[in-house]
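Written below as structure tokens is the structure these notes are about.
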Amino acid sequence: GDGFYVLIDPTDNNFVYAEYQYGGFARSTNGGNSFNYGLNGVSGSDRFNWSTPYIIDPTNPEKLYLGTHKVYKSTNRAASWTAISPDLTNGPPSGNQVYGTITTLAAAASDTNVVYVGTDDGNLWVTLDGGANWTNISASLPVRWVTRVAVDPYNAMVAYATLSGYRYDEYLPHVFRTTDAGTSWQDISSNLPEA
């Protein structure tokens, strides 16, 4: 496609994952010599972001997460997927663009039950129990496209989020840090330039 995520299993490079726009996703079991459909169990009627996020769990390379407007988990290297969340967006918008999608995912290396999720309509979510329950942690943040969320590798309660106002013609930098799994956020944008 136009250049999206390509991931290789860090413990077995026979497993390669690649995608193209709007969630086209394929998996290889032979080091990339051939690829097969990789979305078994994911509903084709879901909303997929132009650059659909998926990640390999840092604690177990057999486990992957993928975001549409809900979060899916695979425990068998993307042979099949199961939804582990409801719609985490504000729902489908009107108009000719696909919004109301997940844009970023981050799984904690220090706690396999903790996953953070960001959306293009300003929502940030966290699960502390592997997807059984989700908490919206974006109430004190600007309503902006969540471009990335990252988890501290040693402390699952510490995370960082970047947000973009480009869609709204607003160029202020938005970088935030939480130390309590999103209960509160500190603006650490400091003197970053408008971009």
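The values are calculated or read from the model by the stated rules, or taken from the named source; none is laboratory data. Every value quoted in this text rests on a predicted model; they were computed, and no experiment measured them. Counting neighbours? That spans all protein chains shown, and the Cβs are built from the backbone with ideal geometry, glycine included. Areas reflect the complete protein model, heavy atoms only, side chains present, ligands, DNA and RNA absent. Shrake-Rupley method; radii C 1.70, N 1.55, O 1.52, S 1.80 Å.
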Candidate set from region 49-65 (those that are assigned to a loop (DSSP other than H, G, I, E, B) and among the β-branched types (V, I, T)); member that is least open to solvent (accessible area, probe 1.4 Å): T52
Residue in region 122-134 that is free of Cβ contacts under 8 Å to residues at least 12 places away in the same chain, under 25 Å from V42 (Cβ atoms) and touching a strand residue (DSSP E or B) at 6+ places or on another chain (Cβ under 9 Å) present: yes
Residue in region 149-170 that is of a type outside the set (D, E) and touching a helix residue (DSSP H, G or I) at 6+ places or on another chain (Cβ under 7 Å) present: no
Strands (runs of 3 or more DSSP E) wholly inside region 5-48 containing at least 3 residues that are touching a Gly at 6+ places or on another chain (Cβ under 8 Å) and not polar (S, T, N, Q): 16-20, 24-28
Condition met for D180 (among the acidic types (D, E) and open to solvent by 10 Å² or more (accessible area, probe 1.4 Å)): yes
Residue in region 73-87 that is touching a residue at least 60 places away in the same chain (Cβ under 8 Å), closer than 21 Å to A159 by Cβ, touching a Gly at 6+ places or on another chain (Cβ under 9 Å) and hydrophobic (A, V, I, L, M, F, W, C) present: no
